[in-house]
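The values are calculated or read from the model by the stated rules, or taken from the named source; none is laboratory data. Everything numeric here is computed off the predicted structure, so don't read it as measured data. Note that each Cβ is placed from the backbone with ideal geometry, even for glycine, and that neighbours are counted across all protein chains shown.
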Amino acid sequence: MNNKIYLIALLVFGCTLNSCDSDDLEYQSEFETSKKSWLDFKESSNNSYKYTVTNSSWVGNSSKTTISIKNGAVVQRDFELNMVEGTSEYNEFDEIEWTETGSEIGTHENGADPITLDEIYDKAQNEWLIERSNTTTYFETENNGMISTCGYVYDNCADDCFIGVNIKNIEAL
């Protein structure tokens, strides 16, 4: 009889621990509200939209990548690099602007990954917003309630340490 009680107690304890996993996100409530905004936008746009990811470096270099999605599939990726003359990276890039379509999508090494906002929200939930020690986490929703900044920085990191995404705008096609 005692073994059954211990087994039941262990199962209840295990289930309780397991149920906490979904709450181990920084900004849990804000994320859920933002995801609802995303799903509403996705429906109203017929899952056809474009969004622009921006990146910048402490030395002043910056880039923007615009990903276009039609009916839930990436159909185009545009990239533009703005380099500060005199930086060591300035001469390393042959192309500072390009466009990929069709089977070319994903062939350039630089630029934001050619992924959908569904995949962005998955990464936010499963990678970027996970509670972890020794980091500062960021989550902003300045795109009509949808993700604008999501990611983290390790404590004591000096330069270009952000792991995540910065989305400048999201608009229906």
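Ile147 - would you say it is under 15 Å from Phe31 (Cα atoms), crowded, with 20+ Cβ neighbours inside 10 Å and of a type in the set (Val, Ile, Thr)?
Yes: the conditions hold for Ile147.
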Any residue at all in the range 152-165 that's out of contact with any Cys (no Cβ under 7 Å at 6 or more places or on another chain), touching a residue at least 40 places away in the same chain (Cβ under 8 Å), over 17 Å from Leu39 (Cβ atoms) and exposed (fewer than 15 other Cβ atoms within 10 Å of the Cβ)? yes
Test: residue in the range 125-144 that is exposed (fewer than 13 other Cβ atoms within 10 Å of the Cβ), assigned to a loop (DSSP other than H, G, I, E, B), out of contact with any Ser or Thr (no Cβ under 7 Å at 6 or more places or on another chain) and at positive phi: yes
For the range 150-166, the count of residues that are among the hydrophobic types (A, V, I, L, M, F, W, C) and either more than 19 Å from Glu26 (Cα to Cα) or more than 16 Å from the chain's Cα centre (by Cα) (or both) equals 2
If the requirement is being over 29 Å from Ser44 (Cβ atoms) and at pLDDT 85 or above, which of these qualifies: Ser88, Ser57, Ser68, Ser62? Ser62
